[in-house]
1. Considering only the range 98-181, give the strands (runs of 3 or more DSSP E) lying wholly within it that have at least 2 residues that are hydrophobic (A, V, I, L, M, F, W, C).
2. How many residues does the range 192-244 hold that are more than 20 Å from residue 158 (Cβ to Cβ) and outside any loop (DSSP other than H, G, I, E, B)?
3. Could you please find all residues in the range 330-361 being at negative phi and either of a type in the set (Asp, Glu) or not assigned by TED's automatic domain parsing to the domain that holds residue 115 (or both)?
4. Select from the range 57-83 the residues that are out of contact with any helix residue (DSSP H, G or I) (no Cβ under 9 Å at 6 or more places or on another chain) and outside any loop (DSSP other than H, G, I, E, B) and write down the one among them that is nearest to residue 119 (Cα to Cα).
5. Which of the following residues is under 26 Å from residue 265 (Cβ atoms) and touching a residue at least 12 places away in the same chain (Cβ under 8 Å): 325, 291?
6. Please specify each residue of the range 368-383 satisfying the condition of being among the charged types (D, E, K, R) and buried (at least 17 other Cβ atoms within 10 Å of the Cβ).
7. So, of the residues in the range 84-97 that are in contact with a Ser or Thr (Cβ under 8 Å, 6 or more places away or on another chain) and in a helix (DSSP H, G or I), which turns out to be surrounded by the fewest Cβ atoms within 10 Å (Cβ to Cβ)?
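The values are calculated or read from the model by the stated rules, or taken from the named source; none is laboratory data. Owing to the predicted nature of the structure, the values given are computational and were not obtained by experimental measurement. Cβ placement follows ideal geometry from the backbone for every residue including glycine, while neighbour counts extend to all protein chains displayed.
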Amino acid sequence: MNKALLSATVVAAALALPGSLALAQTSEITIGISISATGPAAALGIPERNALDFVPKEIGGVPLKLIVLDDGGDPTAATTNARRFVTESRADIIMGSSTTPPTIAVSTVANEANIPHFGLAPFPINEARMKWSVDLPQSIQIMGKVLYEHMRAHSIKTVGYIGYSDSYGDLWVNDFKAQAVPIGLTMIDEERFARPDTSVAGQVLKLVAANPDAILVGASGTAAALPQAALRERGYKGLIYQTHGAASMDFVRIAGPAAEGVIMAAGPVMSPETQPDTALTKKPGLALNKAYEAKYGPNSRSQFAGHSYDAFEVLKRIIPVALKAGKPGTSEFREGIRQAFISEKEIVASQGVFNWTEKDRYGLDERSRMLLTVKDGKYVPAM
């Protein structure tokens with residue numbers, strides 16, 4: 001029997017034992033968090049980890065025990081972390097990971113073990129992952145729509161695409177076909193690159209030769225700056241669109257002058273100051289950014305810090321409800337959290353207002369997005 005199968009068997013056996021240690025009630029709520037604090041996705045995982053400095057230490061009078069493990073952006077490591085949360089930590093809640101492939105891995109383990117799971121990256125939630133998983137980042141569909149509408153408003157007809165050669169890249173290509181093509185946009189060239197790549201020269205040459213009206217980059221973190229800079233170096237003059245996976249100051253730092261004029265979909269936490277006072281996301285966004293930038297420096301705010309911070313904004317609402325169903329460490333408590341995901345409505349956080357349902361595990365609407373551009377090295381609302 002291989003190690004992966006053995007681990008899965010141990011998990012199943014532990015969960016099957018009534019009154020086992022895995023389900024023994026405790027005096028604290030254990031939360032296992034797998035993030036990519038190293039590796040190609042560190043620009044996402046580090047802010048997610050940093051934001052944990054500003055989350056509550058207890059909710060509903062019950063202490064929170066956070067166990068944070070680094071998965072380096074590797075789905076195999078993320079799977080190992082998730083299984084440790086199940087078998088060793090006996091977690092009540094699991095969070096992670098920072099990018100799409102390891103988030104799928106964490107979700108799979110959480111759903112096998114019947115443990116509530118918060119995704120910290122956009123990921124496809126199929127029937128097998130729907131019962132126990134919800135996602136905190138905005139869905140590709142929510143962010144894609146505002147990008148395509150901007151393209152159409154600016155008379156763009158043809159689009160070149162360059163994105164990751166993994167599930168995140170696939171999500172954007174599929175969404176373009178589903179939403180952009182029906183409104184008259186055409187993808188005339190599709191290029192891919194791996195997350196660890198340090199050059200996209202070949203792909204960029206093909207894109208420039210295709211001469212699309214605009215280019216969409218389906219990447220995240222500092223890697224999203226790689227094609228941004230390369231396209232400008234090769235003389236591409238058209239609009240370049242970036243997804244919410246790139247929304248951080250690290251993108252501006254790495255891309256440098258090439259970042260100027262980018263059109264980026266982002267969550268409201270990136271610019272809560274520009275939101276109207278009536279926006280529910282303004283207060284939590286300002287609170288997070290004030291604390292984060294006081295500790296980590298001016299303009300250090302990040303889309304990704306917002307995701308892990310928002311998990312605890314959500315927990316402030318749902319843990320008191322779940323505690324009525326059972327004590328921490330029990331299956332009743334976990335089930336109470338799962339039910340509260342969908343029973344609680346208008347859950348306000350820095351990145352949006354959540355209304356999950358049995359079928360909608362993203363739970364966000366247009367209040368969770370804005371369009372930004374970079375002007376003089378700073379993010380400002382795009383026109």
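1. 158-164
2. 12
3. Once the filter is applied, which keeps residues that are at negative phi and either of a type in the set (Asp, Glu) or not assigned by TED's automatic domain parsing to the domain that holds residue 115 (or both), the range 330-361 yields 332, 335, 344, 358, 360.
4. This residue is 65.
5. 291
6. The one that is among the charged types (D, E, K, R) and buried (at least 17 other Cβ atoms within 10 Å of the Cβ): 369.
7. Ranking the qualifying residues of the range 84-97, first place goes to 87.
Let's see how each residue does on (1) outside the structural domain of residue 32 (by TED's automatic domain parsing); (2) closer than 21 Å to residue 333 by Cβ; (3) out of contact with any Pro (no Cβ under 8 Å at 6 or more places or on another chain); (4) modelled with pLDDT under 95:
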| site | (1), (2), (3), (4) |
| --- | --- |
| 91 | no, yes, yes, no |
| 96 | no, yes, no, no |
| 118 | no, yes, yes, no |
| 124 | no, no, yes, yes |
| 128 | no, no, yes, yes |
| 160 | yes, no, no, no |
| 176 | yes, no, yes, no |
